[in-house]
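The values are calculated or read from the model by the stated rules, or taken from the named source; none is laboratory data. Small disclaimer: the values here were computed from a predicted structure and weren't measured. Note: ideal-geometry Cβ built from the backbone for every residue, glycine included; neighbour counts use all protein chains shown.
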Amino acid sequence: MFGWILSASGIILAPDKAGKDDWFAKLDAELERKTLAVSRDRDELHMQRTRINKALIEDLWNILNRFSKISVQMTMEPTYSTYAQFEKDGFPDKWSFRPEFDLESVTNMQLIDRSQVQGRMGDSLKVWYYSVESAPHIRMVFDYCEGEHYYKYAGWKRIFGQFIIYDAALNDYDEEGMHEAMRDVVLSWYESHLRNNRDILINHLKENYEKGETFTE
């Protein structure tokens, strides 16, 4: 509460400026502590997302190139032209991140199967960030085409199913757990191509992972 200056007769003359300044000094100190705390949180989130994205982009690029050795065509987002610079005659193995590429800004990553057989076109491993009550989370899913359906007003649409491979709040992110889940799915995906049997992959997903949403494209 502000202090007040009284005259000899007891009449209130003016607020006590020292009391007012003392109140604001305390508030200002609290605001500064809050500013520093939020700034630290943002810096930590920036560094964490940068670290996670760097590792995942490298992982997806390596997986894409391994599949290409058995003549499986895949595409990746973000595309390598946006993030990679290659040494002379070094494509696809000898590369580094472009200095100007903002790793932290990447919010979606995916590896997409472009095979024209067994309905594989569009099968994809996807990673993205989302928020739950303002808390950042990360999720990895596998989308696969279940077939096509004709809609009266929209025509033919492809129906996609989804399985949740990994999901966690960023505070609980486990790189080893993410890699283990990715390894498990990629092994099955790769074998299904080797044996020319997509059911190997789909059955493995159904038996081991939670079903996600269904959508059309």
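Scanning the range 166-217 for residues that are within 30 Å of Leu45 (Cα to Cα) and aromatic (Phe, Trp, Tyr) gives Tyr166, Tyr173, Tyr209.
Within the range 63-90, count every residue that is touching a strand residue (DSSP E or B) at 6+ places or on another chain (Cβ under 9 Å) and over 21 Å from Leu194 (Cα atoms). Residues flagged as touching a strand residue (DSSP E or B) at 6+ places or on another chain (Cβ under 9 Å) and over 21 Å from Leu194 (Cα atoms) within the range 63-90 amount to 8. Taken over the range 115-124, the residue count meeting the criterion of being farther than 18 Å from Phe215 by Cα and either surrounded by 13 or more Cβ atoms within 10 Å (Cβ to Cβ) or touching a helix residue (DSSP H, G or I) at 6+ places or on another chain (Cβ under 6 Å) (or both) is 2.
If only residues of the range 195-217 that are assigned to a loop (DSSP other than H, G, I, E, B) and among the charged types (D, E, K, R) are counted, the one that is nearest to Ala135 (Cα to Cα) is Glu213.
Does Lys69 fit the bill of being surrounded by fewer than 12 Cβ atoms within 10 Å (Cβ to Cβ), charged (D, E, K, R), modelled with pLDDT of 80 or more and more than 31 Å from the chain's Cα centre (by Cα)? When the stated conditions are applied, Lys69 does not pass them. Of all residues being surrounded by fewer than 18 Cβ atoms within 10 Å (Cβ to Cβ) and of a type in the set (Val, Ile, Thr) in the range 158-185, which is farthest from the chain's Cα centre (by Cα)? Just the residue, please. For the range 158-185, the residue satisfying everything is Ile159. Residues that are within 22 Å of Ile200 (Cβ to Cβ), of a type in the set (Phe, Trp, Tyr), touching a strand residue (DSSP E or B) at 6+ places or on another chain (Cβ under 6 Å) and free of Cβ contacts under 8 Å to residues at least 40 places away in the same chain: does the range 115-132 have at least one? Checked against the condition, which is being within 22 Å of Ile200 (Cβ to Cβ), of a type in the set (Phe, Trp, Tyr), touching a strand residue (DSSP E or B) at 6+ places or on another chain (Cβ under 6 Å) and free of Cβ contacts under 8 Å to residues at least 40 places away in the same chain, the range 115-132 yields no hits at all. Among the candidates Asn203, Asn196, the residue that is surrounded by 11 or more Cβ atoms within 10 Å (Cβ to Cβ), at pLDDT 95 or above and more than 24 Å from the chain's Cα centre (by Cα) is uniquely Asn203. Checking each residue in the range 198-217 for being touching a residue at least 60 places away in the same chain (Cβ under 8 Å) and not small (Gly, Ala, Ser) picks out Arg198, Leu201, Leu205, Tyr209, Thr214, Thr216, Glu217. Any residue at all in the range 175-194 that is not in a helix (DSSP H, G or I) and not aromatic (Phe, Trp, Tyr)? Scanning the range 175-194, I find no residue that is not in a helix (DSSP H, G or I) and not aromatic (Phe, Trp, Tyr), so the answer is no. A single member of Met109, Met140 is surrounded by 16 or more Cβ atoms within 10 Å (Cβ to Cβ) and out of contact with any helix residue (DSSP H, G or I) (no Cβ under 6 Å at 6 or more places or on another chain), and it is Met140. The set of residues in the range 73-125 that are among the β-branched types (Val, Ile, Thr), assigned to a strand (DSSP E or B) and within 17 Å of the chain's Cα centre (by Cα) contains only Ile112. The combined condition, being in contact with a Ser or Thr (Cβ under 6 Å, 6 or more places away or on another chain) and not acidic (Asp, Glu), is fulfilled by Ile200.
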